[in-house]
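The structure under discussion appears below in the form of structure tokens.
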Amino acid sequence: MKKFYLSILLVGTAILSYAQVTITPNPFEVDESITITLDINSSATDCNGFNNPSKVYMHSGIGDESNAFGFSVIGNWGQDDGVGEMTSQGGGIYSITLVPETYYGLTPTQAANAVLMGMVFRNADGSEEFKASGCNDFIFEVGTFQLSLSSPTEDTSIINSGESLNITASNIGGNANYTLSANGQVIDTANSVSSYSYTDANITENKNYELTAVLNGTTITKRFSALIDPNTNFQIWSGSFEDGINYDPNDPSKVTFVLYAPGKDFVYIAGSFNDWQPDTSYAMKRDPSRNNKFWLTITLEPADIGELQTFQYWVVDKTPSGTSPAMVKTADPFSTLVLSPFDDPFIPASSYPNIPSYPSGQEREVSLFQTDQTPYNWQVTNFVKPKKEDLIIYEVLIRDFDTNKNYQDLIDRIDYFKNLNVNAIQLMPVMEFEGNESWGYNTSFHMALDKYYGTEDKFKEFVDLCHQNGIAVILDLAINHAFGRNPMVRMWMDDPDGDGWGGPSSENPYFNTSPRHSYNVGSDFDHSNSFTRAYTKRVVEHWVQDFRIDGIRWDLTKGFTQNCSSNDESCTNNYQQDRVDILKEYADYSWSLDSDHYVIFEHLGSENEEKEWANYRYAEGKGVMMWGKMTDPYNELTMGQNGNKNINGIGHNSRSQFNGPRVVGYPESHDEERLMYKNLAFGNTSNSGHNIQDLNTAISRMSPLAAVSVMVPGPKMIWHFGELGMENSIFTCSNGTTNFPGDGDGNGDCKLDTKPQPQWVNNWLTDAVRAQVYQDWSKLHKLKTEEPVFEGDYTMTSGDFTPRIDIFDNSIPTSELKNVIILANFDVVSQTVNTNFPAGVTTTWYDLMDSSGTTTVANSTASITIPAGQFRILGNQPSNVLSVDDNELFGFTIYPNPSRSSFSINTNVSDLEIYDLTGKMVKSFKGDFTRTDAFDISTLNTGMYIVKVENDNNQTMTTKLVKL
């Protein structure tokens, strides 16, 4: 068969052998029967590997020299359908026997040109995968003719100008014809030999070599290179430059690159501007006055000005220690845009149109730059942030918000956010992360947007649009760790297997070789290092100044200490002065850029550190906001169960040493199980009339949840689609099934899986019960953000099914809304609760959810009855915040509400229907009705109902009715 092999030396070494996977016989032809054997007991470095899977599948392919999966791929990822299933041999050994030509259904042409096989292994549902070290695919050569290159042993050989390079190779399968080329020119040939040797003498320029062997019409090519040591030129640069890419404001043809690389001997810049073949003029200089940072100014050709250019640093250590590589090719750590050969091919054009092409022949991420760029035209240049006390933060994972998984989805849904009356959107990490469909906490480039979500201009459009609608934008920043693709990991890494991946070496100036806290994933940043802190500040500056981000939520702040270890939980959770000081320094820097910048820490620790951050510079109107998880007690309430229901921790008064409201309290976040899932799975079923495991009943209980959480003074956060009663478990898999930790099937859990989108597919906003919860939350949010009393103080009584919150501001006159009482009933039966109205405030208390102001309670009333799963929010004065316009937005108003016998409506309708919480229609009225008509409900049982109307324009609207 005629075949053409092409393999870069780095790839070639990975092909030779694996401890985890063997093929028998080997070598083999495409038409031979082979057995592939997997040993899952041999760990896969940097990959998750398997946890006692019940089944193992091989997901594999075959192709030519450019793509080991290019001709055919066999396997349906995540499907337990038998395609690619391996046979257990016992003891963690699995095998599969096949004839490649038949198994992959190759055409004669494909069979003749098949030279590589690629494979990965997975469990039944695809939640766990087994790869080679570095999370690479297993790649094997096909054919009994194979070429081995014994010298040089490195992909790139570092030599002095004038030195020689010895090239030796051998092949199996017979005598072959050899051709050696350098920089595209043939420099030697040898015919009919099975071993080859040549010395290229007096090398004075960088060379790219190709050694080609041909046998019986089959061609194999090995590629390698020689890099000249440029003998570093020490030179002080003039002017002021930052690490990374520096544009000349006066000359669009000039760009200066700056790289901090201590311990390295020299660095080349290779890129599109020198055809990825740099000569010594592209060797970077070193400035001894600036920590020996490498720098170089290049001048672009006129045709390249204003065009996207790609580049990498080729970083060389002539005497590497341990298993560190001599040369690392890496993108710029300060890149604002990178191309990834691993992820970019799977980014849809609808999210990132005209994505730049990855440069042929290169490897790993490359950076991009562009001179003479047109700046984004910001429409809002003076955005005034909502007060910290008023913040209602909507947390979003873009991947799971809508079907397209991009910024345009958020832009298209801006009315959804605006109508919900949230005033801040917090995005889970959007910085360039490893993979595409991720939570984003495996960030690799902290200053680059991940292209899977869209372009820089599209993200700026989203921020600008939010600001136009009074909504702040907060970014989640994961900068206590990074993974193997991060340039600052790669430049100083140990690479024992020589595959170009590894963890930080002892020479790494940015990362610890072992974690210094007990919650670590990936490689642990050393924030005691001044250069790590400088890098972190540049990241903050980039997002605040270039993208006008209003705040940052700092992920896992417990990881910012150097005092502990990976197995010392006690140390990690105890007071650490270095952590306190470093994070104060970062807060100071944020406020130096933007005096009103939101600084939020996910610390979830004790008060001893949190109080210092919350109180820090509080007198100046600053102070750090702290995440306040309250999932468990709130879930006990929504489930109607008898566990701990003390919800006092939702607000700042539970932290006795905090100055002012600095707790971002939340019942739900991305990291916790959905309340609704547990409502349905574990809710109280003792009352068939209010069975919490009934879907609509469970959804309806999300309204009082909001009343007794978000309305507490101080910043609050909600997790996307809680306002619609999202019931899908956090462990929902991408195919809609669920898989939980400890299920015992060996398939792991689906916590990080992409989630289905029922909220849009099933148009939940037209569902009467879900829409009512959305409307309730929206009204509550508007009261919270627009009524000054909610910036005041509060007291709370909780621990049973009827929590009470008293909110007050004694600086407000009694002629205005200065006192609010929130009462809720999370039991499964009606409860009569004492009013205990404060004396001397008012004689009449108004239901603030009734914008008509007609629903009142007399001050003399000693108690009121609240149906199961309902709430009341009463004020000393009616609120004018929920205006007629809001009623038009949300539908309409019915009054009185609650009602014992009848109600009227404030608009003209043609049809009116009443539904109970099971979704059953219990009454209907047809005709042309006006606000003078009354609707008789005297025969209905006590409880909550949904009223649905249709007007003359065929618009459908819903609202809630409480029947007394």
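Mean 1/r over all different Cα pairs, inverted: what Kirkwood radius does the range 393-766 give, in Å? Don't jump to the answer; show the numbers that get you there.
Working: mean 1/r = 0.0458 Å⁻¹.
It works out to 21.8 Å.
Shown in residue order for the range 102-116 are the 3J(HN,Hα) couplings computed by the Karplus curve 6.51 cos²θ - 1.76 cosθ + 1.60 at θ = phi - 60°: 7, 4, 8, x, 6, 6, x, 5, 5, 4, 6, 10, 6, 10, 9 Hz (x for Gly and Pro). What the Cβ-Cβ distance of N642 and N177 gives, at R0 = 60 Å and to the nearest 0.05, is a FRET efficiency of 0.10.
Could I get the Rg over Rh figure for the range 439-572? Both from C-alpha atoms, Rh via Kirkwood, rounded to two places.
Taking Rh as the inverse mean 1/r over Cα pairs, Rg/Rh reads 1.02.
Please state the equivalent ellipsoid semi-axes for the range 439-505: what are the square roots of 5 times the Cα gyration tensor eigenvalues, largest first, in whole Å? Walk me through the numbers on the way to the answer.
Values: eigenvalues 232, 27, 12 Å².
Sorted largest first and rounded, they come to 34, 12, 8 Å.
Across the range 554-570, computed HN-Hα scalar couplings (Karplus, 6.51 cos²θ - 1.76 cosθ + 1.60, θ = phi - 60°) run 8, 6, 6, 5, 4, x, 8, 9, 10, 9, 10, 9, 5, 10, 10, 5, 4 Hz from first to last residue, x flagging Gly and Pro. The label point for S161 and the one for A681, both projected 7 Å from the Cα toward the Cβ, are 6.8 nm apart.
When the Debye formula is applied to the Cα atoms of the range 273-378, each taken as the same point scatterer, what base-10 log of I(q)/I(0) results at q = 0.10, 0.13, 0.23 Å⁻¹? For the range 273-378 at q = 0.10, 0.13, 0.23 Å⁻¹, log10 I(q)/I(0) is -0.38, -0.63, -1.50.
Dividing the alpha-carbon radius of gyration of the range 565-716 by 2.2 N^0.38 Å (N being the number of residues), what value is obtained? Against the empirical 2.2 N^0.38 Å value, I get 1.24 for the range 565-716. With R₀ fixed at 56 Å, the C-beta to C-beta distance from E620 to V829 puts the FRET efficiency at about 0.65. May I ask you to derive the FRET efficiency for T109 and S66 from their Cβ-Cβ distance with R0 = 22 Å, giving the value to the nearest 0.05? The value I calculate is 0.90.
Each residue, R413 and D457, gets one label point 7 Å from its Cα in the Cβ direction; the gap between the two is 2.5 nm. The mean sequence distance of close C-alpha pairs (under 8 Å, at least 6 residues apart), as a share of the length of the range 681-798, puts its relative contact order at 28 percent.
Remark: C-alpha extents of the range 350-389 on the principal axes read 53, 28, 22 Å, sorted largest to smallest.
Relative to the globular-protein estimate of 2.2 N^0.38 Å, the Cα radius of gyration of the range 21-141 stands at 1.01.
Could you tell me what percent of the DSSP beta bridges with both partners in the chain are antiparallel, to the nearest 5? Can you show the working numbers first?
On the way: 149 of 187 bridges.
DSSP beta bridges in the chain are roughly 80 percent antiparallel.
Residue separation of N469 and T942 scaled by 0.36 nm, minus their Cα-Cα distance, works out to 166.2 nm of gained length.
Mean sequence separation of contacting Cα pairs (under 8 Å, at least six apart), scaled by the length of the range 321-412, corresponds to a relative contact order of 29 percent.
Rounding to the nearest 20 debye, state how big the charge dipole of the chain is about its Cα centre with +1 on each Lys and Arg Cβ and -1 on each Asp and Glu Cβ.
On the way: 66 positive and 121 negative charges, 375 e Å.
Charge dipole, the chain, about its Cα centre: 1800 debye, nearest 20.
Let me check against my output: what whole-number percent is the relative contact order of the range 365-477, with C-alpha pairs under 8 Å and at least 6 apart?
Details: 155 pairs, mean separation 35.8, N = 113.
Relative contact order comes out at 32 percent.
In the neighborhood of N728, defined by Cβ-to-Cβ distances under 11 Å, what is the net charge if each Lys or Arg adds +1 and each Asp or Glu adds -1?
Working: positive: R674, K755; negative: D400, E673, E727, D753.
With Lys, Arg at +1 and Asp, Glu at -1, the net is -2.
Taking a ≥ b ≥ c as the square roots of the eigenvalues of the alpha-carbon gyration tensor, the range 280-328 is classed oblate because a/c is 1.5 or more while a/b is no larger than b/c.
Taking only the C-alpha atoms, wrap a convex hull around the range 136-212 and report its volume per residue in Å³ as a whole number.
On the way: hull volume 8.3 nm³, N = 77.
Normalising the Cα hull of the range 136-212 by residue number yields 108 Å³.
Computed from Cα atoms alone, the Kirkwood hydrodynamic radius reported for the range 680-785 is 15.5 Å.
Rg ratio for the range 770-886: its Cα radius of gyration over 2.2 N^0.38 Å, N being its residue count, equals 1.03.
Residues with beta-carbon under 10 Å from that of T323, excluding T323: net charge, scoring Lys, Arg +1 and Asp, Glu -1? With Lys, Arg at +1 and Asp, Glu at -1, the neighbours total -3.
The trypsin sites (Lys or Arg not before Pro) of the range 802-899 include none that DSSP puts in a loop with a beta carbon having at most 15 other beta carbons within 10 Å. Annotation for T737 and T865: the two label points, set 7 Å from Cα along the Cα-Cβ direction, are 4.9 nm apart. Extension gain, T24 to N567: 0.36 nm times the residue separation minus the Cα-Cα distance gives 191.3 nm.
Note that the range 122-132 has calculated 3J(HN,Hα) couplings of 9, 7, 4, 9, x, 6, 10, 9, 10, 10, 6 Hz, one per residue in order, obtained from phi through the Karplus relation 6.51 cos²θ - 1.76 cosθ + 1.60 (θ = phi - 60°); glycine and proline are x. Output the 0 to 90 degree angle, nearest 10, between the alpha-carbon long axis of helix 456-468 and the longest principal axis computed from the alpha carbons of the chain. Roughly 10 degrees between the two axes. Near the amide H of S161, within less than 5 Å, lie the amide hydrogens of D229, all on another chain or at least 5 residues away, with H placed in the peptide plane. Based on the convex hull around the alpha carbon atoms, the chain presents an average projected area of 43.6 nm².
For the range 894-963, the spread of Cα positions along the three principal axes, ordered from largest to smallest, is 32, 24, 16 Å. Each of M119, M493 was scored by other Cβ atoms within 10 Å of its Cβ. Arranged with the fewest first, they read M493, M119.
All of the numbers you see were taken from the coordinates with simple rules; none came from a lab. Keep in mind that this is a model prediction, so the values were computed, not measured. When we count neighbours, we look across all protein chains shown, and the Cβ atoms used for this are built from the backbone with ideal geometry, even at glycine.
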